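Only the coordinates and a few stated rules stand behind these numbers; no lab work does. If you're wondering where the values come from, they're calculated on a predicted model, not measured in any experiment. With ideal geometry, Cβ positions are generated from the backbone for all residues, glycine too; neighbour counts draw on all protein chains shown.
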Amino acid sequence: MREPVKKGGGFWDALKTRTVPASLASMTGDPSAQQIAFIRSLTKGQRRPETLHIPLAELKTAVFDLETSGFHTRYGDEIISFGAVKMEGGQITNETYYALSKCSGQIPESVIELTGITQEMSDQAPPLVESLHGFMTFIDDRVLIAHGSAHDKSFLDHALWRTTKTHLGHRVLDTMMIAGKLEPHRGITSLDDWLDVHGIEITMRHHALHDSRMTAALWAALIPRLRQNKVSTLGDLYVFLSQA
């Protein structure tokens, strides 16, 4: 297992605990400057080569899901909630993160019906940079996992650029892609269908934390299936996914 990377203490610790002197914030006149500085620090150096040699059964991951006000950032759609759960190999921990995020526009009725997040809830939620700071603090330097990750990666990367002018540097695994590679004959993609295949209970769908937990259970079910295909490490997984 990879030894934990030392963060160096001092300024890093101050950033992480949000005890950086107010002088940092005064540099920009923005009270969220501490949060921005910490988020920037977490988007760097997340693709360390040694991570490729870690067995999947030992890999530290954070399974996440986002609820959004629509499907396209270029049309102004935004993140309205974050959810994540930490895993140690195939074990789902009790460490979770959930937060609403204020939407600058109106949430469509269809999204309210789907997610249960009302306009009032959004209006009273923390600003994006605050919820994003909490999310980035929670995931730290772990490998990320999502189902149908393209949507979530796009919105997360857009949120990072919008707030801190940085891009997502974490490795991201997609359970939809992995499950489909293991059983291409099934021809399914949705989380509901894959949960049904593996006998995983479906709880509250389209709730960021519940979806994260269910995706985590799916990842736990996929690890032994990958091992049967001689996929033991993260590096093995990348090779497996690249094969025709």
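When only C-alpha pairs under 8 Å and at least 6 residues apart count, what is the relative contact order of the range 117-236, in percent? Mind dumping the intermediate values first?
Values: 85 pairs, mean separation 22.9, N = 120.
RCO, the range 117-236: 19 percent.
When each of 135, 64 is scored by the number of other beta-carbon atoms lying within 10 Å, the sequence from fewest to most is 135, 64.
Taking the Cα centre as origin and putting +1 on Lys and Arg beta-carbons and -1 on Asp and Glu beta-carbons, what dipole magnitude results for the range 48-242, to the nearest 20 debye?
Numbers: 17 positive and 25 negative charges, 147 e Å.
For the range 48-242, the charge dipole is close to 700 debye.
Length gained on full extension, residue 167 to residue 190: 5.6 nm, using 0.36 nm per residue less the C-alpha separation.
With R₀ set to 45 Å, the beta-carbon distance separating residue 104 from residue 244 gives a calculated FRET efficiency near 0.55.
Suppose R0 equals 25 Å. What FRET efficiency, 1/(1 + (r/R0)^6) with r the Cβ-Cβ distance, do residue 227 and residue 183 give to the nearest 0.05? Could you put the intermediate results ahead of the total?
On the way: r = 15 Å, r/R0 = 0.60.
Efficiency at R0 = 25 Å is approximately 0.95.
Sorting 137, 215, 189 from the fewest to the most surrounding beta carbons within 10 angstrom yields 189, 137, 215.
If the reach is capped at under 17 angstrom between alpha carbons, list the aspartates and glutamates near residue 153, excluding any in the same chain fewer than eight residues apart. Cα-Cα hits under 17 Å: 65, 67, 77, 78, 140, 141, 174, 211. Each of 54, 104, 180 was placed along the dipole of the range 46-191 (beta-carbon charges, centred on the mean Cα), and the one lying farthest toward the positive end is 54.
Fewest neighbouring Cβ atoms within 10 Å first, the residues 158, 72 line up as 72, 158. Taking 0.36 nm per residue of separation and subtracting the Cα-Cα distance, full extension of the segment from residue 114 to residue 94 would add 4.6 nm.
Excluding same-chain neighbours fewer than eight residues apart, the aspartates and glutamates reachable from residue 230 by a Cα-Cα span under 17 Å are 58, 183. Computed from the C-beta positions of residue 124 and residue 201 and an R0 of 25 Å, the FRET efficiency is 0.20 to the nearest 0.05.
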